[in-house]
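The values are calculated or read from the model by the stated rules, or taken from the named source; none is laboratory data. All values derive from a computational prediction rather than experimental measurement. Cβ sites come from the backbone with ideal geometry, for glycine too, and all protein chains shown count toward neighbours. Remember, those area values only see protein heavy atoms, side chains included, never the ligands or the DNA or RNA. Shrake-Rupley method; radii C 1.70, N 1.55, O 1.52, S 1.80 Å.
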Amino acid sequence: MRRPYVAACIALFMALGFCACAPAPVPPGDTKNDIAMTVNGTKVHADEFRYCVGQVRAAVWDTATKKGWAVDDAGPVRDSRAGELLVDQAAARCIDGVVQRQGAVRLALIDDASFKSLVDRWNADNAARQAASEAGEVLYGPVEKTLEQYEFQEMADAASEQEKADAAALTGDPGALDALIRARPEAAERLDMAAPEDRAIAAQILAREMFESTHDRAVDDAEVTMNESWLSGLTISDLVGS
């Protein structure tokens with residue numbers, strides 16, 4: 001599962017806006033906010049799963065159209081190829097998000113990997129940005145971020161912190177850096193490995209690759225349990241909110 005997953009994702013989601021791609025989250029604890037799945041023990045409730053559905057549905061409908069699949073909005077979601085793909089892609093998006101937040105917890109950047117905690121941080125950030133705007137302070141980006149924009153910025157910040165730590169570790173261990181360069185000589189292409197500044201650049205390149213590889217393995221190795229009893233009672237319309 002290779003993902004160009006920090007800068008490219010942020011640019012794409014911020015450029016497109018994605019303001020209306022997901023329904024408003026159901027308050028956690030609501031009787032309708034059932035558990036859709038678990039990822040490494042972290043519960044993914046219905047509101048988070050529908051949020052993920054909102055992010056993948058355009059691509060799923062495009063695939064369904066190209067392949068000539070019938071889309072029965074009122075039919076059970078598991079009874080059609082389009083519905084199956086929608087569930088699979090939404091689940092993959094949820095897994096990616098949860099694993100990313102779990103990584104941020106390990107870095108002590110956040111203290112909770114739950115979706116509720118993400119939404120709380122997003123609301124707090126928007127409240128702080130609104131107050132700063134009213135106070136005449138200079139803001140970068142919109143006064144009010146969408147949840148997607150906030151999530152991907154948080155993701156980028158966590159990735160950056162991990163990459164900085166890994167790059168610093170490599171720079172401080174010349175033997176380890178040289179060994180990795182011998183294994184991945186293209187990472188040092190057009191760099192002078194005798195020059196400290198170029199060694200630092202090579203360490204940054206390798207740290208990015210290490211982060212992406214580690215994340216991909218974590219996604220692949222995640223312990224995932226789908227709540228089929230919840231899914232079995234849903235139609236496509238139930239999931240997409242239409």
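Residue farthest toward the positive end of the dipole of the stretch 83-149, with Cβ of Lys/Arg at +1 and Asp/Glu at -1: which of L139, G83, L109?
Positive-end residue among those listed: L109.
Quick one: longest stretch of the chain between exposed loop GluC sites (Glu not before Pro), exposed meaning at most 15 other C-beta atoms within 10 Å and loop per DSSP?
That would be 1-136.
Indicate the gyration tensor shape class of the stretch 77-201 (rounded, prolate or oblate), computed on the Cα atoms with a ≥ b ≥ c the square roots of the eigenvalues: a/c under 1.5 is rounded; otherwise a/b larger than b/c is prolate and the rest oblate.
Because a/c hits 1.5 or more and a/b fails to exceed b/c, the stretch 77-201 counts as oblate.
Can you compute the helix-only [θ] at 222 nm over the chain? Use -39500 (n - 2.57) per DSSP H run of at least 4 residues, normalise by all residues, nearest 500 deg cm²/dmol.
Dividing the helical sum by the residues of the chain leaves -20500 deg cm²/dmol.
As an exercise, identify the trypsin sites (Lys or Arg not before Pro) in the stretch 160-204 lying in DSSP coil whose Cβ has no more than 11 other Cβ atoms within 10 Å. Could you put the intermediate results ahead of the total?
On the way: sites: K164, R182, R190, R199; in loops: R190.
Hits after loop and neighbour filter: R190.
Explain nothing, just the number: relative contact order of the chain, from Cα pairs under 8 Å at least 6 residues apart, as a whole percent.
31
May I ask you to give the solvent-accessible area per residue for the chain, in square angstrom, as obtained with a 1.4 angstrom probe?
Per residue, the chain has 52 Å² of solvent-accessible surface.
What part of the accessible area of the chain, given as a whole %, is carbon or sulfur when the probe is 1.4 angstrom? Provide the component values of the computation, followed by the final result.
On the way: 6960 of 12660 Å².
It is 55 percent, rounded to a whole number.
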